1. Which value, in debye to the nearest 20, describes the size of the charge dipole of the chain about its Cα centre when Lys and Arg Cβ atoms bear +1, Asp and Glu Cβ atoms bear -1, and nothing else is charged?
2. Which residues' amide hydrogens lie under 5 Å from the amide hydrogen of Leu134, considering only partners 5 or more residues apart or on another chain, with H built in the peptide plane?
3. Among Tyr200, Tyr156, Tyr504, what's the order by accessible area (1.4 angstrom probe), most exposed first?
4. Percent antiparallel among DSSP beta bridges with both residues in the chain, to the nearest 5?
5. Give me the one-decimal nm value for the distance between modelled label points at Gln42 and Arg278, 7 Å along each residue's Cα-to-Cβ direction.
6. What relative contact order, as a whole-number percentage, does the chain give when Cα pairs under 8 Å and 6 or more residues apart are counted?
7. Please report the equivalent ellipsoid semi-axes of segment 32-105, computed as sqrt(5 x eigenvalue) of the Cα gyration tensor, largest first, in whole Å.
8. Calculated FRET efficiency, Asp61 and Glu315, Cβ-Cβ r, R0 41 Å, to nearest 0.05?
Amino acid sequence: MKKKKKNLHLLFLTVVLTVFFISCATAAPPVSEVFFSPAEWQGETLVGTRYGLIEGVKDRDHTLAWLGVPYATPPVGDLRWKAPRKPEPWQGLRRADRFGSKSAQRSLFLGTITGSEDSLYLNIWRPSSKEKSLPVYVWVHGGANTSGAANESKGYYGHSLASQANLVFVSINYRLDVFGWFSHPSLKTEDDPESNSGNYGTLDIIAALEWVQENIESFGGDPSNVTIAGESAGALNVLSLLIAPKAKGLFHRAVIESGYTHGPAISPEAFAVNLGIRLALRQNKATCFEEVSRLLAAQSDQELAAWLRSASARELLQLSRPEGKEILSVPSPIFDGFVLPSDGFAALADPRRRVNVPIIIGTNREETKLFLQLAINPRNPLYPRLVELSSLLWKAEGADSVADAYGKNPADINAPNAGKVYLYRFDWGAPDEEEASVMGGIASRRLGASHAMEIPFFLQTDSLFGSGFLLRIYTNANKNGRLALQTAIGEYLGAFAKTGDPNYDINASAVGRIFWEPWDSEAEKPSFLVLDAGFKELLLRIEQGRVRREDIILEIANNSSPALRDNFIRLAPLFL
């Protein structure tokens, strides 16, 4: 009875506070006067942030969720192609029960245009408990930096990992395509080096991490224990944060799934200028390239910037589409020398310029199957070898070379030590030595251990490809082994998020479990963990060795048939 009265008292207090804030919403004072002090975590869906009260919802797996929370002012109108600004505080109660809009984008494969430029929102899940100081796991979605969203798939939802690993899960939207990375000369001003960089998407992710630092304690999270994680382009963006001066101190561990470090052949400035020329032609401002060039050259920077900002999102996205088969094209992080170092990912080898935190990094055994099948029949006899070589090249560039550069301790004893590197290869779904797979013939041939296949295992959702996909990938036959692998990966991630060591508090002698040895940059054959399972059992194992880009290129040049070499060169734009 006393407990019921206490709950009624808390409910009455909540209603009174809500009415009070709503009553103050008539004439909003200047922004600097309406910021709030974030409230302590009380174990309820009602949370007080620095920007106002929000009301979340109860979600699956005994979690609480807050969806569509703004972490920046909408970058629309004059704020298009500007560094993100902090969100405006609100009076009253904001309901956080639905996702924010996905960022304006063009579908990666279909080309349809969806989303909104008003998209800088994040989502939070945490266990339904009063526990405080939980690790924080910030997830950055992939999609070639041109498509995707934090809620693109139910496989991206955070309730499962939050519940299984006992942490606060945050997923974010950020600007994409020409709105995320765009370096037109007319947009540069003398007093705004961040906006001048063109790295708006990168700065959005940093702004989300700053929001986490300001507010996550109100949700029971520990701002001094933040893991930043991403897949594909999301992993590329995480890699860029490791060398971004402004990101230092905002996160303390990193998880990099199927990332890459190569960028577009065209310079960011040339791409932006060319897009402006094509926009003018599309708007019939001139009839030929030379005439447009003269017309634009006669305009001031202010006039050109205003004209570019007046173009619709649809116009710009229709013009940003690559002309060839390139998927991993522009946009990409711009190494401007301010937001990101001018020498790019070479800074990963410099302990004074990089963020020195523990990292988990890896790729999938058949990374490129998802892309190659777009241009070559999987029944082609060259297909398996093309998949093997191109996936090894991805591993060399996206994992092994990064681990070597990042994990090497400096010769200078005064320089900070490198964070430990834990490298994996995800094999689930790939055929074994007898060409058998837990997926079955067609699914294994077309997907196998392809790009993005690891996501539901890392996020503990058992969906994404497994539900809503034409091929039957997740079956009753492979369920036991699949879920055992998912559980093992969740335990590694939970331990890593908590301590920076994936082996913490894990019984390596338990059935199927194994100690994850850190990568040794100095070793001739460093160790890495293979993540795999059979139909019913875990098949984790340690392997040794590294893949070098130059070795794969030599293999293709010297030990491959002319037909395989020609096809590799033809298909390279799909994965390089």
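The values are calculated or read from the model by the stated rules, or taken from the named source; none is laboratory data. Please read these numbers as outputs of a predicted model, since none were measured by experiment. FYI the Cβ positions are ideal-geometry reconstructions off the backbone, even for glycines, and counts take in every protein chain you see. Note: accessible area is taken over every heavy atom of the protein model, side chains too, but ligands, DNA and RNA are not part of it. Shrake-Rupley method; radii C 1.70, N 1.55, O 1.52, S 1.80 Å.
1. Details: 60 positive and 64 negative charges, 353 e Å.
For the chain, the charge dipole is close to 1700 debye.
2. Long-range HN contacts for Leu134: Gly221, Asp222.
3. Details: Tyr200 0, Tyr156 25, Tyr504 105 Å².
If we order Tyr200, Tyr156, Tyr504 from most to least accessible, we get Tyr504, Tyr156, Tyr200.
4. Working: 25 of 59 bridges.
DSSP beta bridges in the chain are roughly 40 percent antiparallel.
5. Simple spin-label model gives 5.4 nm for this pair.
6. On the way: 1211 pairs, mean separation 71.7, N = 576.
RCO, the chain: 12 percent.
7. Numbers: eigenvalues 121, 64, 15 Å².
They are 25, 18, 9 Å, listed from largest to smallest.
8. Values: r = 43 Å, r/R0 = 1.04.
With a Förster radius of 41 Å, E is 0.45.
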